[in-house]
Amino acid sequence: MTRWFGCGGYVADLSGVLRAAARLHGSWRLDVPPTHVREALTVVLANLAREQPVVVLLDDMHLADASSWQMLDYVAGNMIDSRVLVLVCARLGEMVERALGEHVLFGLEQDGVLSRLDLQRLKEPYVRELAERVLGRPSAPPGLAAWLFRESQGNPLFAVSLLDAVLDKDIDLASPRLAAIPQALSARVAERVQALDEHSRSVLDLLAVVGRPTDLEELRRIHSWHAPRSLPSAMRRLVDARLVVARDADGDPAY
């Protein structure tokens, strides 16, 4: 086990973050300086990568604290020549440590060690497949799949929240209908809205009142902007937060 883990002399340094290291050390150790942990983890990954390529998955990174972002920055910056692939899954509009997270991602991108993959909304067949997996059935009622796609607009997180609400209320799956937005879903949307700056929230309010696709020129005409040049940047923030969808309309973006 010691050989497979590849800890070398870093077992004690990693015993506070890795279960396997804690077992080797004999206990959990929580007083290790973060710099020692970062160095130790880099050495372990490098040792493992000498035998075969290594893939590390970091899910829900938007919930990460500052030390986790610092860890990612250190590991990625010091393993450029190693056979290590780090997959980071994050909803950028919901980052707890927004400033630090954006700084780390930008720096890694500038160094050429990070590539962004923007996940697109699911098409209807894939929403149906998602529903089948959640239900544990070989097929989902056509009415359910169509309703989930229409209401979620292909957002998998929203689709699952809607399906959970339907199952919780024991609603007919063949013809689903909800009287109100599920609390879990509305809380997620509210969290995204609260994370926005005041100007972006005011733009979102305006879009909600308009209630149909619009463009920047129309938004400028129907509202008196104190800082009109900041409107495009506000729209970009709303799109990044997945609260607004940008579509190409004859060469100009429609929102």
Discussion item. Take residues that are at pLDDT 70 or above and tell me which of the helices (runs of 4 or more DSSP H) falling wholly in the stretch 1-42 contain 1 or more.
Written reply: 11-14, 19-25
Worksheet item: Do you know which residues across the stretch 97-128 are surrounded by 12 or more Cβ atoms within 10 Å (Cβ to Cβ) and among the hydrophobic types (A, V, I, L, M, F, W, C)?
Response: Leu100, Val104, Leu105, Leu108, Val113, Leu114, Leu122, Val127
Worksheet entry | Every residue from the stretch 23-66 that is exposed (fewer than 14 other Cβ atoms within 10 Å of the Cβ) and among the hydroxyl-bearing types (Ser, Thr, Tyr) | Ser27, Thr35
Discussion item. Please go through (1) within 23 Å of the chain's Cα centre (by Cα); (2) surrounded by fewer than 14 Cβ atoms within 10 Å (Cβ to Cβ); (3) not small (Gly, Ala, Ser) for Val209 and return the number of the only condition it doesn't satisfy.
Written reply: (1)
Worksheet, complete the sentence: Across the stretch 45-74, the tally of residues that are touching a Cys at 6+ places or on another chain (Cβ under 9 Å), part of a helix (DSSP H, G or I) and not hydrophobic (A, V, I, L, M, F, W, C) stands at 2
Discussion item. Just to be sure I understand the filter: pairs with C-beta atoms under 6 Å, separated by 6 or more residues or on different chains, first member in the stretch 205-234 and over 16 Å from Pro253 (Cβ atoms), second member at pLDDT 85 or above. Which pairs pass?
Written reply: His223/Leu206
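The values are calculated or read from the model by the stated rules, or taken from the named source; none is laboratory data. As the structure is a computational prediction, the values presented were derived from the model and not from experiment. No Cβ is skipped: glycine too gets one built from the backbone with ideal geometry, and neighbour counts run over all protein chains shown.
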